[in-house]
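Here is the structure we will look at, set down as structure tokens.
The values are calculated or read from the model by the stated rules, or taken from the named source; none is laboratory data. Note that the coordinates shown come from a computational prediction; the quantities given were computed from them, not determined experimentally. Heads up, the Cβs are rebuilt from the backbone with ideal geometry, glycines too, and the neighbour counts pull from every protein chain shown. Please note that ligands, DNA and RNA were not included when accessible areas were found on the heavy atoms of the full protein model with its side chains. Shrake-Rupley method; radii C 1.70, N 1.55, O 1.52, S 1.80 Å.
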Amino acid sequence: MEARQLAERLARRCDLAVTVSLAGRTAAPALQPVPVRVGGFGGAQGLADYLLDQKIDVLVDATHPYAATISTNAAAAALRARVALLALRRPGWTPIAGDRWVEVGDVAGAVQALGNVSRRVFLALGRKEIAPFADAPQHSYLIRSVEAIMPPLKVPHAVYITARGPFAEADERTMLEEHHIDIIVAKNSGGPATYGKIAAARALSLPVILLRRPLPPPYPPPQAGEGREGAAVETVDDAVAWLDHASAPAADRGV
């Protein structure tokens, strides 16, 4: 989400040549306003080679908060290629009065937290994370994903929805009520686009099982002499401001 928003902000600038890199896991990704590269790089070294080959000055890590491997590879590649790294890290949600959250470390923990008694479960996870719930066939599942779940989950009762956010709170509440949902399983993605289900769960007093975020790669940036200076920011506005500063002439930056 932030990658597309940042690309939209930078697309018309003449002082920057921007390329968006997509992993290629989604068959019909959202359109981007700048050139797009699709597919993996072959790990940290492959990404470092690409950065050097393309003479990249700044690598922006604006991946999903749960894409830990990509962020780790980005940090290592920036260090190896001596390229500035800007990490755009969306803050996670924090509970407020009325929230009924249970935090777990992984999907297996979420399956266990559902318990043995049959429940009507809304799964708001990526399609690659659904399979472990086949170990809990006593539950009825409402499964929403950007693309169809193939093959379907091997359980007796499952309903599938394909949709791409943002999702409004009112719509989320209607969906939860129509499907008589008892509990939600989701990631702590942060941001407004998918917060509607969290707000709706609070309004309906529904429990939410949240997968904890993976720890980001070590920061601050590389030591002097080993890589170019970088930063970690939380918003697109902050990212644009950092890029403005980084791309300004040295005299304008007070250097």
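Results, tabulated for the structure shown:
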| quantity | calculated |
| --- | --- |
| Failed item, numbered, when ALA108 is tested on (1) at pLDDT below 95; (2) surrounded by fewer than 17 Cβ atoms within 10 Å (Cβ to Cβ) | (1) |
| Out of LEU85, LEU59, LEU52, sole residue that is modelled with pLDDT of 90 or more and assigned to a helix (DSSP H, G or I) | LEU52 |
| Selected residue [crowded, with 17+ Cβ neighbours inside 10 Å, modelled with pLDDT under 85 and not small (Gly, Ala, Ser)] from PRO216, PRO221 | PRO221 |
| Residue that is most open to solvent (accessible area, probe 1.4 Å), among those in the range 117-127 that are over 11 Å from ALA158 (Cα atoms) and either in a loop (DSSP other than H, G, I, E, B) or in contact (Cβ under 8 Å) with a residue 40 or more places away in the chain (or both) | VAL117 |
| Subset of the range 42-73 that is under 21 Å from ARG89 (Cβ atoms) and among the charged types (D, E, K, R) - its residue that is least open to solvent (accessible area, probe 1.4 Å) | ASP61 |
| Subset of the range 142-165 that is open to solvent by less than 40 Å² (accessible area, probe 1.4 Å) and part of a strand (DSSP E or B) - its residue that is farthest from GLY196 (Cα to Cα) | ALA158 |
| Residue match in the range 195-210 (condition: over 27 Å from GLY98 (Cα atoms), in a helix (DSSP H, G or I) and modelled with pLDDT of 90 or more) | no |
| Answer residue from the range 166-176, given it is surrounded by fewer than 13 Cβ atoms within 10 Å (Cβ to Cβ) and of a type outside the set (A, V, I, L, M) and is modelled with the highest pLDDT among those | THR174 |
| First in the range 100-116 and aromatic (Phe, Trp, Tyr), second anywhere and open to solvent by less than 20 Å² (accessible area, probe 1.4 Å), Cβ under 6 Å, 6 or more apart | TRP101/VAL208; TRP101/LEU210 |
| Number of the exception - ALA78 against (1) open to solvent by less than 30 Å² (accessible area, probe 1.4 Å); (2) out of contact with any Gly (no Cβ under 7 Å at 6 or more places or on another chain); (3) more than 25 Å from ALA193 (Cβ to Cβ); (4) of a type in the set (A, V, I, L, M, F, W, C) | (2) |
